[in-house]
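Some notes on the structure that comes next.
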Amino acid sequence: MKNIAVILAGGIGSRLGYSKPKQFIKVAGKMIIEHTVEIFQKYNEIDEIAIVCHKDYIDTVESIVISNHFNKVKKILNGGSERHESSLAAIDAYDEECNLIFHDAVRPLVSNMIIGDTVKALSQYNAIDVVVPATDTIIQTDGELITDIPNRDVLRRGQTPQGFKRSIIKKAYDIALKDDHFKATDDCGIVKTYLPNEPIFLVRGEESNMKLTYEEDLFLLDKFFQLKSMEIVDNDKQALHLLDGKTIVVFGGSYGIGREIVKIAKQYNAKVYSFSRSETKTDISDIENVNKALQIVVEECGNIDYIINTAGVLDKEPLLNMNYETIEKAVSINYMGNIIIAKESFDYLKKSKGKLLFFTSSSYTRGRAMYSTYSSLKAATVNFVQAIASEWGNFGIQINCINPERTLTPMRVKSFGKEDPKTLLSAKEVAISSLKTLLMDISGQVIDVKKGAE
């Protein structure tokens, strides 16, 4: 049975106070609706997408679909003035039985886990709702006075997506529209009211799956995008055979994660070139050094598919104890090195539609004492990756960032001394996840690597 995602984008966003509907506001380099549709476009078990929008914005949506190559979008439908009219437009657009998965266009951070759990639940149930626990006390009023305080242990806050067998949601609406006192709620509310014996299964949602409603939500949404990450859950190493014949450049490939990347990629018959201070006297903070390294590769191979930068320095000490020479070196290698590699790589990667891979640290989410330069520069790396991924997307270049947990590398041993290896990731685990990231169709992502990723 087909899984059809219905993106509800018919709202005009009057509460936000903008001149255009909120789904067309840009956040993290793209319109919110672009982020939302892209998630369903890339989810394998979604077979088709229908977008329901206001008639005045159909041309805009058509342009978005074309420019983003959203080939799963088969229908762009005119919605009504009310939410339920948009749902009905999608229900009426299909004749055959299918799974209709309704999702708000202004919830652009829905996760693959939520979509997957919804699709899975539809194999057993006819109606699905996504919910999160009610953490605040909920009160019932008659205006200005409390009439009841329900037990919040049994209360949930509804999100989307909401999934239905088409026949069930259509039947519920057919009955509802004959009711003179029909009052629109969400789609699960229609099923609950007019098909009271139909069970509605609950899928656990996430707080980050927020809906843009008010202006202050934009700031939260922007922060969520900044901190957004994903984890590679496919542990099938066979995918690495796709590295065969690829040309890979690794900066910092002489030790730690970089060395493991070089070793593994060669095992899968990639053409790998490693550059580092110790091996080739390559300083990534020197433009000419980086340019020369890339030219060597192109002269021998003709092209470059992937470029990885694992080079970095870690200074663990209070800022007041650091001299300016140490600070400048950290900035030059940990930040300017990324910028130089990116700029010098652009022409080569534009030609090959290639990929860039950088590395951050779990310390990027919050500045930490003793890591003032390191954690701030790693935060800058994430923002840099997200920014150029947006700038260079139209050139076919993909840029991502690996965020490993604590990893056993020579750099870590130098800063922390001897630690129980059982508490640390191995460099090999991070290398495997890094190479798998190169084989994924994603860009602008922070990829979390945790224990057990190998």
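The values are calculated or read from the model by the stated rules, or taken from the named source; none is laboratory data. On a predicted model such as this, the values are computed, not experimentally measured, just so you know. Methodologically, a virtual Cβ is constructed for each residue, glycine included, from the backbone with ideal geometry; neighbour enumeration extends over all protein chains shown. Protein only, heavy atoms only, side chains kept; ligands, DNA and RNA dropped before computing areas. Shrake-Rupley method; radii C 1.70, N 1.55, O 1.52, S 1.80 Å.
Counting only residues that are at pLDDT 90 or above and β-branched (Val, Ile, Thr), which one in the stretch 418-437 is nearest to the chain's Cα centre (by Cα)?
Here the residue is 437.
If I ask for residues that are under 33 Å from the mean Cα position of the chain (by Cα), exposed (fewer than 14 other Cβ atoms within 10 Å of the Cβ), among the charged types (D, E, K, R) and more than 14 Å from residue 207 (Cα to Cα), which ones from the stretch 126-176 would you list?
Residues satisfying the conditions are 152, 153.
I need every pair where a residue in the stretch 276-289 that is over 14 Å from residue 262 (Cβ atoms) has its Cβ under 8 Å from the Cβ of a residue that is open to solvent by 60 Å² or more (accessible area, probe 1.4 Å) and not in a helix (DSSP H, G or I), sequence separation at least 6 or different chains.
289/281
For the stretch 107-118, which positions are closer than 22 Å to residue 202 by Cβ and either outside any helix (DSSP H, G or I) or open to solvent by less than 10 Å² (accessible area, probe 1.4 Å) (or both)?
Keep residues of the stretch 107-118 that are closer than 22 Å to residue 202 by Cβ, which gives 107, 109-118.
If the condition is that a residue be closer than 22 Å to residue 202 by Cβ and either outside any helix (DSSP H, G or I) or open to solvent by less than 10 Å² (accessible area, probe 1.4 Å) (or both), then 107, 109, 110, 111, 114, 115, 118 are the ones that fit.
List every residue pair whose Cβ atoms lie under 7 Å apart, where the two residues are 6 or more positions apart in sequence or sit on different chains, the first residue falls within the stretch 238-249 and is on the phi < 0 side of the Ramachandran plot, and the second residue, located anywhere, is among the aromatic types (Phe, Trp, Tyr) and outside any strand (DSSP E or B).
Listed by first residue and then by second, the contacts come to 240/268; 241/268; 243/268; 244/268.
Name the strands (runs of 3 or more DSSP E) wholly within the stretch 146-220 that hold at least 1 residues that are of a type in the set (S, T, N, Q)?
Result: 146-148, 156-165.
Would you call residue 328 over 28 Å from residue 228 (Cβ atoms) and either modelled with pLDDT of 95 or more or open to solvent by 20 Å² or more (accessible area, probe 1.4 Å) (or both)? First the steps, then the outcome.
On the way: over 28 Å from residue 228 (Cβ atoms): yes; either modelled with pLDDT of 95 or more or open to solvent by 20 Å² or more (accessible area, probe 1.4 Å) (or both): yes.
The answer is yes for residue 328.
With the requirement that a residue be part of a loop (DSSP other than H, G, I, E, B), within 30 Å of residue 123 (Cα to Cα) and not polar (S, T, N, Q), what does the stretch 45-71 give you?
Here is the first cut: in the stretch 45-71, the ones part of a loop (DSSP other than H, G, I, E, B) are 45-47, 54, 69-71.
Cutting the leftovers down to within 30 Å of residue 123 (Cα to Cα) gives us 45-47, 69-71.
Scanning the stretch 45-71 gives 45, 46, 47, 69, 70.
Looking at the stretch 126-137 only, could you name the residues that are under 18 Å from residue 188 (Cβ atoms) and either out of contact with any Asp or Glu (no Cβ under 9 Å at 6 or more places or on another chain) or not in a loop (DSSP other than H, G, I, E, B) (or both)?
127, 128, 129, 130, 131, 132, 133
Residue-wise test of (1) touching a residue at least 40 places away in the same chain (Cβ under 8 Å); (2) surrounded by 23 or more Cβ atoms within 10 Å (Cβ to Cβ); (3) of a type in the set (Ser, Thr, Tyr); (4) farther than 27 Å from residue 267 by Cβ.
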{"residue": "342", "(1), (2), (3), (4)": "yes, no, no, yes"}
{"residue": "372", "(1), (2), (3), (4)": "yes, no, yes, yes"}
{"residue": "401", "(1), (2), (3), (4)": "yes, yes, no, no"}
{"residue": "438", "(1), (2), (3), (4)": "yes, yes, no, no"}
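Inspect the stretch 212-233 for any residue being within 28 Å of the chain's Cα centre (by Cα) and farther than 29 Å from residue 156 by Cβ and give the result as yes or no.
Yes, there is a match, as at least one residue in the stretch 212-233 is within 28 Å of the chain's Cα centre (by Cα) and farther than 29 Å from residue 156 by Cβ.
Out of the residues in the stretch 374-399 that are at pLDDT below 90 and among the polar types (S, T, N, Q), which is most open to solvent (accessible area, probe 1.4 Å)?
Result: 394.
Kindly check whether there is at least one residue in the stretch 83-103 that is of a type in the set (Ser, Thr, Tyr), touching a Phe, Trp or Tyr at 6+ places or on another chain (Cβ under 8 Å), touching a residue at least 40 places away in the same chain (Cβ under 8 Å) and within 23 Å of residue 196 (Cα to Cα).
Quick first cut of the stretch 83-103, residues of a type in the set (Ser, Thr, Tyr) only: 86-87, 94.
Next, from what is left, pick out any that are touching a Phe, Trp or Tyr at 6+ places or on another chain (Cβ under 8 Å): 87.
Checking which are touching a residue at least 40 places away in the same chain (Cβ under 8 Å) leaves us with 87.
In the following step, the residues that additionally are within 23 Å of residue 196 (Cα to Cα) were identified as 87.
Checked the stretch 83-103: at least one residue is of a type in the set (Ser, Thr, Tyr), touching a Phe, Trp or Tyr at 6+ places or on another chain (Cβ under 8 Å), touching a residue at least 40 places away in the same chain (Cβ under 8 Å) and within 23 Å of residue 196 (Cα to Cα).
Any residue that is touching a residue at least 24 places away in the same chain (Cβ under 8 Å) and farther than 22 Å from residue 261 by Cα - is there at least one of those in the stretch 352-360? Lay out the reasoning, then the answer.
Taking the stretch 352-360 and keeping what is touching a residue at least 24 places away in the same chain (Cβ under 8 Å), we get 352-360.
From what is left, the residues that are farther than 22 Å from residue 261 by Cα are none.
The answer is no; no qualifying residue exists.
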